[in-house]
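A.B. asks: Starting off with a structure, shown below.
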Amino acid sequence: MAAVEFVREHTTPDSLIMGSAELRFGLPENRYRLVDDSRLGTLSHLSPDIVALSDFQSGDFHNEPDTARHVSLMLTERFDLAARYGGYRIYLPLKAPSTHLASVAGQ
């Protein structure tokens, strides 16, 4: 499965993956930390290193406004959609903007 291969290529044994539980079938249990949490840490307070959501995890949180806000912020301000494979959307952390500062003589 291409989605699993993408997750493998972009994680380490220390990475926390938030994704659909069926990914477990392609990820060796003793090497990957996978948490099935479509609320992306709203209730668990866990902070993922990569997010791999299936179409089934596209939760409708209209009755949970705090969750809806948190998930939206996670997927727009902290993560970027990096790949789509079938019914999976995989998000990687946004890269920090360059903080390169030119040095100015005398300052």
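The values are calculated or read from the model by the stated rules, or taken from the named source; none is laboratory data. Computed from a prediction, not measured in an experiment: that's the story for all the values here. A quick note on method: Cβ atoms are made from the backbone with ideal geometry, for glycine too, and the neighbour counts reach across all protein chains shown.
A.B. asks: Scan region 21-38 for residues that are within 18 Å of L81 (Cβ to Cβ) and either over 11 Å from the mean Cα position of the chain (by Cα) or part of a strand (DSSP E or B) (or both) and jot them down.
C.D. replies: Across region 21-38, the qualifying residue is only L23.
A.B. asks: Is one or more of the residues making up region 42-60 under 24 Å from K95 (Cα atoms), modelled with pLDDT of 95 or more and charged (D, E, K, R)?
C.D. replies: Looking through region 42-60, at least one residue is under 24 Å from K95 (Cα atoms), modelled with pLDDT of 95 or more and charged (D, E, K, R).
A.B. asks: On the given criteria, is S38 within 20 Å of T67 (Cα to Cα), in contact (Cβ under 8 Å) with a residue 60 or more places away in the chain and of a type outside the set (F, W, Y)?
C.D. replies: Against the criterion (within 20 Å of T67 (Cα to Cα), in contact (Cβ under 8 Å) with a residue 60 or more places away in the chain and of a type outside the set (F, W, Y)), S38 does not qualify.
A.B. asks: While we're looking at this one, here's another question. Can you confirm whether L27 is more than 23 Å from M1 (Cβ to Cβ) and among the hydrophobic types (A, V, I, L, M, F, W, C)?
C.D. replies: No, not satisfied.
A.B. asks: With respect to R69, determine if the residue is touching a strand residue (DSSP E or B) at 6+ places or on another chain (Cβ under 8 Å), among the basic types (K, R), surrounded by 12 or more Cβ atoms within 10 Å (Cβ to Cβ) and outside any loop (DSSP other than H, G, I, E, B).
C.D. replies: Against the criterion (touching a strand residue (DSSP E or B) at 6+ places or on another chain (Cβ under 8 Å), among the basic types (K, R), surrounded by 12 or more Cβ atoms within 10 Å (Cβ to Cβ) and outside any loop (DSSP other than H, G, I, E, B)), R69 does not qualify.
A.B. asks: Write out, first by first residue and then by second, each pair whose Cβ atoms fall under 8 Å of each other, whose residues are 6+ apart or on separate chains, and whose first residue, in region 74-86, is within 17 Å of V7 (Cβ to Cβ) while the second is among the basic types (K, R).
C.D. replies: What qualifies is L81/R89; A83/R89.
A.B. asks: Could you grab me the full set of residues in region 1-41 that are among the hydroxyl-bearing types (S, T, Y), closer than 15 Å to Y88 by Cα and touching a strand residue (DSSP E or B) at 6+ places or on another chain (Cβ under 6 Å)?
C.D. replies: Pass one, region 1-41, residues among the hydroxyl-bearing types (S, T, Y): 11-12, 15, 20, 32, 38.
Applying the additional criterion that residues be closer than 15 Å to Y88 by Cα yields 20, 38.
Within region 1-41, just S20 meets the criteria.
A.B. asks: Let me ask something else. Which of the residues that make up region 90-107 are at pLDDT below 95 and of a type outside the set (A, V, I, L, M)?
C.D. replies: Correct list: K95, P97, S98, T99, H100, S103, G106, Q107.
A.B. asks: So, one more: Go through region 1-60 and give me each residue that's surrounded by fewer than 17 Cβ atoms within 10 Å (Cβ to Cβ), among the charged types (D, E, K, R) and touching a helix residue (DSSP H, G or I) at 6+ places or on another chain (Cβ under 7 Å).
C.D. replies: D36
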